[in-house]
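Okay, structure first, notes after.
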């Protein structure tokens, strides 16, 4: 068991706490978690398949949606091995290299999702505030450049602190408090100078997640200003209707982040299980909900998915 871990063990392996105190319920917990991962995989693959195979969806808005679905799919795949491995009793320890790699992808994909949501806000701003130039501004080549910029921004800037994790000396008991590896969890176990990682991580969050949130909010202020200037109430409703899915996706991403931050800041008295569950909600809730949101709220996606299922029945 975790309690018997030797504090002076070799630094190349770490123990994952998982859902501490609920070990006897792991067989039952594995059912909802397996179902969630299955829904994440199938839902996002369905969105990607529909966008790829339906020519009418080869538009900037849906290219960005494909980026979001691919990000969500990778996020689910990056945490699935350790979460389900713990619940199924297959693993309890993890190598330092695998842990650092998992941390790299989890944090990099989180920043990538934020960047994609910002790009989608820009797409909605152009579509509503400057519709006549929409196709000339968001060309395929420009969308590719935006996608590459998002990818580079998300993973390049997170590389320095992640690389330093491999150089640290870990002298504290090698017990991680989650069912997957996080940067801050590894810092807690390090006996080296972690000031660079701590300050860099804080600035990275401010310059990515917070800045993206501010820019998304500002874009919707401009969108509302433009929509309110439209004389026809029907046209106002139609314009706002195209933004509902994106607004829901933004809320689905940022509400768990805010909730997790509040729990870490003010919920130190809470059970460790609450912190672990909040961490899993932060990781899995957006990938689970985004395909549902866009399938329900976006008519083109909904119609195409219904057509796919009707063909399978026939």
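Where residues in segment 1-11 are in a loop (DSSP other than H, G, I, E, B) and loosely packed, with under 12 Cβ neighbours inside 10 Å, which of them is modelled with the lowest pLDDT?
Restricting attention to segment 1-11, the residues satisfying the condition of being in a loop (DSSP other than H, G, I, E, B) are 1, 5-11.
Within this subset, residues satisfying the condition of being loosely packed, with under 12 Cβ neighbours inside 10 Å are 1, 6-8, 10.
Values: 1: 39, 6: 46, 7: 42, 8: 43, 10: 46.
Restricting to residues being in a loop (DSSP other than H, G, I, E, B) and loosely packed, with under 12 Cβ neighbours inside 10 Å, the top hit is 1.
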Task: Residue list for segment 258-291, filter: part of a helix (DSSP H, G or I) and farther than 16 Å from residue 178 by Cα - done: 258, 259, 262, 265, 266, 285, 286, 287, 288, 289, 290, 291
Task: Failed item in (1) crowded, with 17+ Cβ neighbours inside 10 Å; (2) modelled with pLDDT of 90 or more, with residue 215 passing the rest - done: (1)
- [ ] Evaluate segment 102-120: report whether one residue or more is crowded, with 22+ Cβ neighbours inside 10 Å, more than 23 Å from residue 258 (Cα to Cα) and touching a residue at least 40 places away in the same chain (Cβ under 8 Å).
- [x] no
Open item on the list: Which numbered condition in (1) out of contact with any helix residue (DSSP H, G or I) (no Cβ under 7 Å at 6 or more places or on another chain); (2) surrounded by 13 or more Cβ atoms within 10 Å (Cβ to Cβ) is the only one that residue 285 fails?
Closed with: (1)
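Tell me the residue from 177, 135 that is at pLDDT below 95 and closer than 23 Å to residue 78 by Cβ, please. Lay out the reasoning, then the answer.
On the way: 135 fails: closer than 23 Å to residue 78 by Cβ.
Among 177, 135, only 177 is at pLDDT below 95 and closer than 23 Å to residue 78 by Cβ.
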Open item on the list: With the requirement that a residue be touching a helix residue (DSSP H, G or I) at 6+ places or on another chain (Cβ under 9 Å) and surrounded by fewer than 18 Cβ atoms within 10 Å (Cβ to Cβ), what does segment 33-47 give you?
Closed with: 34, 39, 41, 42, 45
Task: All positions within segment 121-134 that are outside any helix (DSSP H, G or I) and crowded, with 21+ Cβ neighbours inside 10 Å - done: none
Task: When residues of segment 18-31 are limited to those that are part of a loop (DSSP other than H, G, I, E, B) and within 22 Å of the chain's Cα centre (by Cα), the one nearest to residue 175 (Cα to Cα) - done: 18
Open item on the list: Within segment 75-90, does at least one residue satisfy the condition of being over 19 Å from the mean Cα position of the chain (by Cα), touching a residue at least 12 places away in the same chain (Cβ under 8 Å), buried (at least 18 other Cβ atoms within 10 Å of the Cβ) and in a helix (DSSP H, G or I)?
Closed with: yes
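The values are calculated or read from the model by the stated rules, or taken from the named source; none is laboratory data. Computed from a predicted structure; not experimentally measured. All Cβ positions, even for glycine, are placed from backbone atoms using ideal geometry, and neighbour counts span all protein chains on display.
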